[in-house]
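Asker: One structure coming up, written as structure tokens, with questions to follow.
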Amino acid sequence: MKKMTTGVAIAAMSLFILSCNKKKAEDSNATQDSIKTEEKNTSQATSSTFNIDAIPVSDKNIGDFPFFNMPEGLVSQNKPVEKKYDKVFFPIGGVMTPFEGKVWKANVVVKEGSGEQWALPYFEKSFDEAITAVGGVKIFDGQITNEEYEKYSKQATNLGEDGDVGYAGENIKVYVIRRKDQGNIFIQLTGNSASGKINILQEEGFKQTITLVKSDEIKKQLDEKGKAVLHINFDTDKATLKPDGSDAVKEIVKVLNTDKTLKIAINGYTDNSGNADHNLKLSDARAQSVKGEITKAGIAEDRLSAKGFGQQSPIADNNTEEGKAQNRRVELIKK
């Protein structure tokens, strides 16, 4: 009887210990989940609440874009990527945030024949001291998650270019130089045991270089090429015409009123931003919108057809903002 009592006591004690261990494991998991959630929320908040006005203005003379030369013994591996206007994503609080303006990007390596070996600390410290010396402030130093990469990479159409920064697993340092009378300057750099990468972007507004095509030019293109390419402005992601878009449609109406026998197909196109199916529907809605405005002006509907082709058949490089602007177009095809 005594042996049985002892056995029961041991079994009870074992169950108690197992229960405690399970409770500790659950508490530990809950704590880890809480930490992960807190980190995620903090990261999101940091990006959404980033305020450039909190950064001191730098009035240092920093010269001309791209402002910095290479540290001694280092060179750009290939010709740097330089664009008058583009979009680059920078991790602000771990959240990839787009900025637009003038862009310079490069892969950085040791100069051939120098006899030196690559040293990441030399690359990083050289730029860190040069940037902070002219009033730059480091605003991020860390990595982005795989989840964040998957999310933003769908919007970053130029990923894969020389010098691109913004892959999961890269330790990225981001600096900003706030300027009073010129665009703010964002710089990000990363590297590994063999090379480095640097991006420099100076914020700058987009300068529209596409002008309204007048009716005589539309007629000339239709007569000579059988096609006229127009850049008609719509509200963002909508089929409603902007005021200058309505002016462009009026020029089409003038052509159709001049030649009463002319019949045209109105073909709509988009750039490759976003979802292909959505772009197809959007381009069709825009083509139909143009057709509708023309018929409202008194042109017979049987002289017109309208169809959208989405991001098919680009006429310019979709990897640049200028190219995308060219691809967002309406083509008039003479029937």
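Asker: What are the residues in region 303-319 that are in contact with a Lys or Arg (Cβ under 8 Å, 6 or more places away or on another chain) and of a type outside the set (Gly, Ala, Ser), if any?
Answerer: Selection gives Arg303, Leu304, Ile315, Asn318.
Asker: Identify, from the list Glu116, Glu161, the residue that is in contact with a strand residue (DSSP E or B) (Cβ under 6 Å, 6 or more places away or on another chain), surrounded by 13 or more Cβ atoms within 10 Å (Cβ to Cβ) and in a loop (DSSP other than H, G, I, E, B).
Answerer: Answer to the check: Glu161.
Asker: If you go through region 136-153 one residue at a time, do you hit one that is farther than 13 Å from Val88 by Cβ, out of contact with any helix residue (DSSP H, G or I) (no Cβ under 7 Å at 6 or more places or on another chain), modelled with pLDDT under 95 and in a loop (DSSP other than H, G, I, E, B)?
Answerer: For region 136-153, residues farther than 13 Å from Val88 by Cβ, out of contact with any helix residue (DSSP H, G or I) (no Cβ under 7 Å at 6 or more places or on another chain), modelled with pLDDT under 95 and in a loop (DSSP other than H, G, I, E, B): absent.
Asker: Name the one entry in Ile252, Ile232, Ile200 that is buried (at least 21 other Cβ atoms within 10 Å of the Cβ), assigned to a helix (DSSP H, G or I) and of a type in the set (A, V, I, L, M, F, W, C).
Answerer: None of the others qualify; the one that does is Ile252.
Asker: For region 80-98, check the following and say yes or no: at least one residue is loosely packed, with under 14 Cβ neighbours inside 10 Å and farther than 26 Å from Phe206 by Cα.
Answerer: Looking for residues that are loosely packed, with under 14 Cβ neighbours inside 10 Å and farther than 26 Å from Phe206 by Cα, one finds none in region 80-98, hence no.
Asker: Only one of these is assigned by TED's automatic domain parsing to the domain that holds Val229 and out of contact with any Phe, Trp or Tyr (no Cβ under 9 Å at 6 or more places or on another chain): Gln288, Gln311. Name it. I'd like the intermediate steps shown before the answer.
Answerer: Values: Gln311 fails: out of contact with any Phe, Trp or Tyr (no Cβ under 9 Å at 6 or more places or on another chain).
Testing whether each residue is assigned by TED's automatic domain parsing to the domain that holds Val229 and out of contact with any Phe, Trp or Tyr (no Cβ under 9 Å at 6 or more places or on another chain) leaves just Gln288.
Asker: Separate question: Is it the case that region 215-228 has a residue that's buried (at least 18 other Cβ atoms within 10 Å of the Cβ), free of Cβ contacts under 8 Å to residues at least 60 places away in the same chain and among the aliphatic types (A, V, I, L, M)?
Answerer: The answer is no, given that none of the residues of region 215-228 is buried (at least 18 other Cβ atoms within 10 Å of the Cβ), free of Cβ contacts under 8 Å to residues at least 60 places away in the same chain and among the aliphatic types (A, V, I, L, M).
Asker: Please indicate, with yes or no, whether at least one residue in region 286-297 is in contact (Cβ under 8 Å) with a residue 24 or more places away in the chain, farther than 30 Å from Pro98 by Cα and not in a helix (DSSP H, G or I).
Answerer: yes
Asker: Right, another one. Could you please let me know if Ile210 is touching a strand residue (DSSP E or B) at 6+ places or on another chain (Cβ under 8 Å), at negative phi and β-branched (Val, Ile, Thr)?
Answerer: Spelling it out, it is not the case that Ile210 is touching a strand residue (DSSP E or B) at 6+ places or on another chain (Cβ under 8 Å), at negative phi and β-branched (Val, Ile, Thr).
Asker: Further question on the same structure: Going through Lys260, Lys307, Lys324 one at a time, which residue ends up being of a type in the set (Lys, Arg) and assigned to a helix (DSSP H, G or I)?
Answerer: Lys324 is the lone residue from the list that is of a type in the set (Lys, Arg) and assigned to a helix (DSSP H, G or I).
Asker: Quick one: which residue in Asp277, Asp317, Asp244 is closer than 25 Å to Asp86 by Cβ, within 25 Å of the chain's Cα centre (by Cα) and acidic (Asp, Glu)?
Answerer: Matching residue, one of Asp277, Asp317, Asp244: Asp317.
The values are calculated or read from the model by the stated rules, or taken from the named source; none is laboratory data. Just so it is clear, the model here is predicted, and its values are computed rather than measured. For neighbour counting, all protein chains shown are included, and Cβ atoms are generated from backbone atoms with ideal geometry for every residue, glycine included.
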